[in-house]
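None of the figures in this text is laboratory data; all of them are computed from the coordinates on show. All of these numbers come straight from a predicted model, not from anything done at the bench. Every residue, glycine among them, receives a Cβ derived from its backbone with ideal geometry; neighbour counts consider all protein chains shown.
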């Protein structure tokens, strides 16, 4: 039996504001093994780089013609280096790819080049301290290092994330602050 395609209407989100949403949908598509179609989506440079990153890591196939059609492959553990133009933020990419690398069969290293401290995006410090501590609490063996900061407009930053892989992600209650 063929799986249903995940469909998203383009009238709901603006492409210049939805790279985080795109990353989440790419991850869900890959982990569920379901293709997705985003009607009316126009890939901006961040979206194109995000989709190209997923293509490199999973062997995904995508097509643009009035909509974004995405068919993912399987996540492959390994060492990957993804470069983003200028100061485009790399942190949403890390957040989107983490579930995939957590489920990969083996250790992986992900090097991201671009903006590490960009307006309206998560900074390295937030990713490492707040988000990183929560994701580790969920059972993901992740370490993130800032090798070089990258600010607007130039970028030039570098983050390195190491994943142990093949982990079962655990649920937890987040009731208290801190």
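Need the C-alpha centroid separation for segment 150-174 versus segment 55-116, integer Å. Taking the Cα centre of each part, segment 150-174 and segment 55-116 sit 12 Å apart.
Placing a pseudo-label 7 Å from each Cα along the Cα-to-Cβ vector at residue 109 and residue 138 gives an inter-label distance of 2.5 nm. Shown here: Rg/Rh (Cα atoms, Kirkwood Rh), derived from the displayed model; of the candidates [x] 1.04; [y] 0.96; [z] 1.42, it corresponds to [y]. Annotation: for a label point projected 7 angstrom from Cα along Cα→Cβ of residue 172, residues of segment 130-153 with backbone N closer than 15 Å are 130-143. Only helices enter this figure: runs of n ≥ 4 DSSP H residues, each worth -39500 (n - 2.57), summed and divided by the residues of the chain, yield -8000 deg cm²/dmol at 222 nm to the nearest 500. Coordinate range of the alpha-carbon atoms in segment 76-168 per principal axis, descending: 38, 25, 18 Å.
The order of the peptides 79-86, 106-113 by mean Cβ neighbours within 10 Å, most packed first, is 106-113, 79-86.
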